[in-house]
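The values are calculated or read from the model by the stated rules, or taken from the named source; none is laboratory data. Given the structure is predicted, the values throughout are model-derived calculations rather than measurements. Here the Cβ positions follow ideal geometry from the backbone for every residue, glycine too, while neighbour counts run over all protein chains shown. Areas reflect the complete protein model, heavy atoms only, side chains present, ligands, DNA and RNA absent. Shrake-Rupley method; radii C 1.70, N 1.55, O 1.52, S 1.80 Å.
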Amino acid sequence: MTPAQAIAARELRSAFTSPVLYVVVAVFLLIFGVLSYIAVVNAGAQAIRLMQIQGMAARINLNDLVFRPTFYSSAIILLLVLPLLTMRVFSEERKLRTFELLMTSPVGISEIVAGKFTAMLAIYTGMLALTGIVPVVLAVFNSFDWAPVFTGYLGLLLMGALFLAVGLFASAVTENQIVAAFVSFGLLLLVWLMGAMGSILGDTPVGNALSYLSFIEHYDRMVRGLIDTKDLVYYGCGILFMLFLTHRVVESQRWA
């Protein structure tokens with residue numbers, strides 16, 4: 001087992017002994033389920049209206065009426081719950097007085113950051129996997145195009161990974177877990193609003209730059225079933241950049 005894997009296993013054991021993890025997962029799954037149910041009910045109501053107008057059974061597009069609204073709403077859920085998942089990663093080390101022990105261990109800082117990020121990503125991937133029951137159940141009752149569903153989940157995975165990287169950085173900056181959650185939420189909200197500002201500025205160099213920096217613009221294309229190399233590059237570079245900043249913050253505290 002590599003040092004990074006050992007750190008990840010240690011982080012997973014610590015996470016599963018904390019009630020915060022179960023609360024975050026339960027809240028995420030509950031809200032995702034409610035949103036999916038509301039979307040299905042609305043789709044069913046629309047099918048009934050079409051049947052009354054056309055006088056025959058109407059086919060509805062589940063991709064447009066169920067999955068796309070649910071994926072869009074899930075971005076807001078992740079914005080709220082993922083900072084709660086990552087707020088303890090480094091802050092709790094200081095609270096339990098294990099940060100100094102971790103820093104003086106023979107494990108490198110890169111391995112510490114990579115291990116903690118891997119653990120959080122594994123937990124988040126498990127959360128997404130549990131939501132997979134929704135499309136599986138719907139596939140029993142109606143047919144739909146699976147490609148946009150897969151790209152939507154890919155978008156959720158990449159965007160969530162970026163949120164986790166930002167959360168790790170926020171947790172490394174401050175000793176207070178609540179402050180870390182608010183810092184993470186504030187940074188993510190600021191980047192989200194860049195997309196709105198870019199839309200206001202329109203097709204200008206500044207507007208295009210702000211739109212590209214906003215993760216929601218890249219996520220939107222994946223939800224619509226489109227995979228562009230620039231979207232993958234954006235998320236990959238964003239994750240690596242935030243992990244690099246986390247590395248620098250932890251390294252500066254190592255010698256403080």
Is one or more of the residues making up the stretch 187-194 loosely packed, with under 15 Cβ neighbours inside 10 Å, in a helix (DSSP H, G or I) and of a type in the set (F, W, Y)?
no
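Answer yes or no: is there a residue in the stretch 156-174 that is assigned to a helix (DSSP H, G or I), farther than 23 Å from L102 by Cα and free of Cβ contacts under 8 Å to residues at least 60 places away in the same chain.
Yes, the stretch 156-174 has at least one match.
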Can you find even one residue in the stretch 226-239 that is at pLDDT below 90, more than 23 Å from G152 (Cβ to Cβ) and not acidic (D, E)?
no
Of the candidates F163, F150, F144, the one satisfying the condition of being under 30 Å from A43 (Cβ atoms) and either at pLDDT below 90 or in contact with a strand residue (DSSP E or B) (Cβ under 6 Å, 6 or more places away or on another chain) (or both) is F144
Leading residue by the ranking (farthest from D64 (Cα to Cα)) among those in the stretch 217-234 that are in contact with a helix residue (DSSP H, G or I) (Cβ under 8 Å, 6 or more places away or on another chain) and among the hydrophobic types (A, V, I, L, M, F, W, C):
L232
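Those residues that are open to solvent by 10 Å² or more (accessible area, probe 1.4 Å), farther than 30 Å from L65 by Cβ and of a type in the set (A, V, I, L, M), I need them from the stretch 114-135; list them, please.
A114, L121, A122, I123
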Residue identified as of a type in the set (A, V, I, L, M, F, W, C) and farther than 22 Å from A161 by Cα among L190, L213, L201:
L201
May I ask you to list the residues in the stretch 66-108 that are of a type in the set (G, A, S) and open to solvent by less than 10 Å² (accessible area, probe 1.4 Å)?
S74, A75, S91
Run down V27, V107 and say which single residue is of a type in the set (V, I, T), within 27 Å of T131 (Cβ to Cβ) and in contact (Cβ under 8 Å) with a residue 40 or more places away in the chain.
V27
Test: residue in the stretch 242-251 that is hydroxyl-bearing (S, T, Y), open to solvent by 80 Å² or more (accessible area, probe 1.4 Å) and more than 14 Å from the chain's Cα centre (by Cα)
no
Mind telling me which of the residues Y234, Y212 ends up being open to solvent by less than 50 Å² (accessible area, probe 1.4 Å), free of Cβ contacts under 8 Å to residues at least 24 places away in the same chain, aromatic (F, W, Y) and closer than 30 Å to V89 by Cα?
Y234
Is it the case that S143 is crowded, with 19+ Cβ neighbours inside 10 Å and of a type in the set (S, T, N, Q)?
no
Just to check your reading of the model, which residue among G198, G225, G207, G152 is open to solvent by less than 60 Å² (accessible area, probe 1.4 Å) and not in a helix (DSSP H, G or I)?
G225
